[in-house]
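Below: the structure, in C-alpha cells.
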Amino acid sequence: MEIWNYFKSLFKTTAESSSAQPLIHEVIERNEAELADYQKWSKTLAKRRLLDWLHAQYAIHLSAPNGIDESLDFLNTPSAKGFVIHFDKTYYPEREVIHFFDYLKERVLAMGYVTYVSDLRTYTKNNKVETIQRHYLKPSMKTKFEKGGKATQAYGNIMIELLFLDETVQNLKFSAMTYTDHKFERAEAFEDLMSSLMSP
C-alpha cells in the first residue's frame, strides 16, 4: 500500500509540474569530460561556421528581414532584443548546441557580466517532458544612484535558454532585456552586443 501511494504521489507531482514548479530543478554543473570536450570544440571550424552563419543572418535581418534562414528568428521590441535558433530544423549535434549555449555565456561574462543563475528545470507540458537549461546574467557594475544621476545597464540583463522536448534539442533563445524607465541610462546598442558575441 505504501508503494502504491508513493507512485500515485509521483504521478500526481509529474502531472502538476510546470516551468514555475518543475519536477527537477538543478544547478548546471559540467563535469570534467564535458569541459574538456567544450575546450576541444571551441577550437574547431564547427564553432566558427556557426558564428559566421549567425553573423551573416543578422546582417540579412538588418537589411532584408524576410530573407533570413527559416531556422532563425530575431527578437526586436522596445525592451527585449535577441534571437532564437530553431535547432530542431538544423543538423547540429546536441553536444555542439550545448557547447554553443555555454559559449554564449562565456562571451557575455567577458563583457563584464556576472552569472545570476545557471540552472536546469524539467517539467511536463502537453503530455511531453520539457527541460530548459538557462544562463541568466547581469552587469557586474553596481552603480549607486546619485542625486540626479542615472544607473548604467550595459546591454541590460541577458537570458540564454536552451529548450529540450522529450530529451531532444528544440531551440536556443538569447535575449537582452533592458530597462526603459528614467532611473537608467539608455542601454548600449544591441548591434555592439552581437558584434562582441561573434568576435573570435
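We did not get these values from a lab; they are worked out from the coordinates using the rules stated. Values in this document were obtained by computation on a predicted structure and should not be read as measured data. When we count neighbours, we look across all protein chains shown, and the Cβ atoms used for this are built from the backbone with ideal geometry, even at glycine.
Computed quantities for the displayed model
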quantity	calculated
Calculated FRET value between Tyr179 and Lys125, using beta carbons and R₀ = 41 Å, to 0.05	0.85
Sequence of Leu193, Leu163 once ranked by neighbouring C-beta atoms within 10 Å, starting from the fewest	Leu163, Leu193
Potential lengthening between Ala56 and Thr44 on full extension [0.36 nm per residue; Cα-Cα distance subtracted]	2.4 nm
Sequence-distant residues sharing a close amide H with Tyr113 (under 5 Å, placed H)	Ser140
Contour minus Cα-Cα distance for Val117 and Glu26 (0.36 nm per residue)	31.7 nm
Distance histogram for the range 2-198 (every C-alpha pair counted, 10 angstrom bins, percent rounded to whole numbers)	8, 29, 33, 20, 8, 2, 0
Cα-centred dipole magnitude for the range 2-198, charges only on beta-carbon of K, R (+1) and D, E (-1), debye, nearest 20	560
Phi to ³J(HN,Hα) by Karplus 6.51 cos²θ - 1.76 cosθ + 1.60 over the range 89-101, Hz, x for Gly, Pro	9, 10, 10, 6, x, 4, 4, 5, 5, 5, 4, 5, 4
Residues His61, His99 arranged by fewest to most Cβ contacts within 10 Å	His61, His99
